[in-house]
Amino acid sequence: MANTPFISKRAAAYADIPDDKWNNWRWQLSNRINTVEEFAKVLNLTESECEALSAPGLFRVDITPYFVSLIDPNDPNDPVRKQIVPVASELKPFTAMMEDSLAEDRHSPVPGLVHRYPDRVLMLVTTQCASYCRYCTRSRIVGDPSATFSRAEFEMQIEYLKRTPQVRDVLLSGGDPLVLAPKILEEILTRLREIPHIEIVRIGSRVPVFMPMRITDELTDMLQKFHPLWLNIHVNHPNEISAELAEACDKLTRAGIPLGNQAVLLAGVNDNVHVQRELVQKLVRIRVRPYYLYQCDLVEGAGHFRTPVAKGIEIMEGLRGHTSGYAVHQYIVDAPGGGGKIPVLPNYLISMSDHKVVLRNFEGYITTYEEPTDYMPEKSAKFLGSKRPEPGQTGITGLLDGDEMFIKPEGFDETHDRHGLQHRLKDVKKWMPLGIGEEKEEK
Ligand SMILES: *Cc1c(COP(=O)(O)O)cnc(C)c1O
């Protein structure tokens with residue numbers, strides 16, 4: 001695929017749409033498809049898809065004409081199709097399925113703001129997206145047409161951020177921030193920039209992928225007033241990397257916005273080393289740095305997309321060393337119950353002694369690294385940096401730093417408290433073997 005040009009597609013059903021409409025994001029938004037009749041004009045629907053599309057209580061369906069055009073209409077297993085066209089298995093519950101698997105609602109000090117990590121927050125600014133991913137981790141709130149941007153909630157979020165100085169990084173998500181009315185998005189960014197301790201703002205958006213025509217010069221002119229601004233897009237399969245997406249990413253990077261990609265590991269879409277390698281290499285070609293590959297969350301409707309964690313490790317094994325380091329994302333399991341993001345990777349450290357580590361490389365070559373025996377960490381103040389202002393949340397780093405000696409599971413002290421019955425060995429004299437704790441008894 002070396003430097004093959006990125007292509008542009010348009011489904012036959014849209015052949016007569018004039019270019020100025022097709023390239024207008026408002027036209028794309030208002031011509032999204034969601035009914036069996038509309039789909040049938042573009043795709044050769046399967047029985048399972050028809051069943052799902054007619055099912056009551058289905059998570060919202062909407063697809064832009066641009067994105068649906070990337071699908072091969074006659075291939076029921078098309079990897080783009082599987083991401084956005086519902087199938088009957090979506091309606092099936094599975095073991096451990098949860099509504100809010102990341103416990104985001106519990107971590108919200110005010111509605112729509114998730115403060116899970118010490119120095120950064122997730123700010124949900126809308127429930128709307130340009131199209132809806134079938135495996136959406138936030139399907140409990142996303143897509144609801146009655147819940148739009150709430151000014152009252154926004155003001156509460158801003159107030160919380162103002163009084164929480166440890167937050168230096170705000171991640172705008174939703175829903176998709178780039179479907180907000182341009183004036184509202186600009187206001188959100190302006191208000192965040194007025195808070196002095198907020199160093200960086202980032203946006204998580206699939207708009208460049210669903211509707212690349214939204215990335216206009218007016219939009220990038222507006223966004224670049226708020227630097228440092230970062231943006232993560234969401235591409236799962238190389239087929240999503242079109243000429244239009246390449247152009248949108250070019251505009252964003254020219255505006256000085258570093259781009260990353262967050263993908264989700266999905267059965268039947270990208271659960272294959274070769275597909276993943278092509279994906280990350282194509283992303284790097286359009287100057288998008290692969291950031292995370294997520295294990296699919298335990299969320300309603302996503303059961304049929306899940307893979308074992310072993311599949312993710314196998315993919316990482318096939319990337320590291322085999323391709324540019326820039327192209328290697330981190331594989332993440334977002335811990336159910338709100339444990340947060342946990343990176344998982346193959347083992348490269350095989351063994352160690354007090355002066356040597358044994359390592360293996362991507363080819364299976366095994367080597368040793370002789371460690372220094374006279375290493376003394378620098379103790380002078382200028383090397384120490386400053387500790388985090390708030391207590392707690394230091395975890396393993398806190399153990400290493402010596403702030404804490406242990407981390408105990410919940411209820412540990414209660415479980416192990418035997419209510420002070422004295423141990424018989426406390427009565428040392430009585431039980432000590434002769435000649436150690438006491439004088440030999442006289443005969
Ligand atoms: C993913 C996430 C972040 C950002 O995490 P990074 O690892 O810094 O990208 C922040 N807050 C919440 C609640 C998240 O889920």
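The values are calculated or read from the model by the stated rules, or taken from the named source; none is laboratory data. As the structure is a prediction and not an experimental result, all values here were calculated from the model. Note that each Cβ is placed from the backbone with ideal geometry, even for glycine, and that neighbours are counted across all protein chains shown.
The table below lists the values:
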| quantity | calculated |
| --- | --- |
| Residues located in the stretch 283-306, provided they are away from the ligand (no atom under 16 Å from the Cβ), in contact (Cβ under 8 Å) with a residue 40 or more places away in the chain, of a type outside the set (A, V, I, L, M, F, W, C) and not in a helix (DSSP H, G or I) | Glu300, Gly301, Arg306 |
| Residues of the stretch 202-228 satisfying the condition of being in contact with a helix residue (DSSP H, G or I) (Cβ under 6 Å, 6 or more places away or on another chain) and outside any loop (DSSP other than H, G, I, E, B) | Ile203, Val207, Pro208, Val209, Phe210, Pro212, Met213, Arg214, Thr220, Met222, Phe226 |
| Which listed residue, of Ser139, Ser101, is over 22 Å from Leu229 (Cα atoms), at pLDDT below 90 and crowded, with 16+ Cβ neighbours inside 10 Å | Ser101 |
| Filter result for Arg277 (surrounded by fewer than 22 Cβ atoms within 10 Å (Cβ to Cβ), of a type in the set (Lys, Arg) and without any contact (Cβ under 8 Å) to a residue 40 or more places away in the chain) | no |
| Residues satisfying the stated conditions in the stretch 336-356, i.e. within 16 Å of the ligand (Cβ to nearest atom) and in contact (Cβ under 8 Å) with a residue 12 or more places away in the chain | Pro336, Gly337, Gly338, Gly340, Lys341, Pro343, Val344, Leu345 |
| Flag for Ala147 being surrounded by fewer than 22 Cβ atoms within 10 Å (Cβ to Cβ) and of a type outside the set (Asp, Glu) | yes |
| Residues located in the stretch 158-190, provided they are away from the ligand (no atom under 16 Å from the Cβ) and touching a Ser or Thr at 6+ places or on another chain (Cβ under 6 Å) | Leu178, Leu180 |
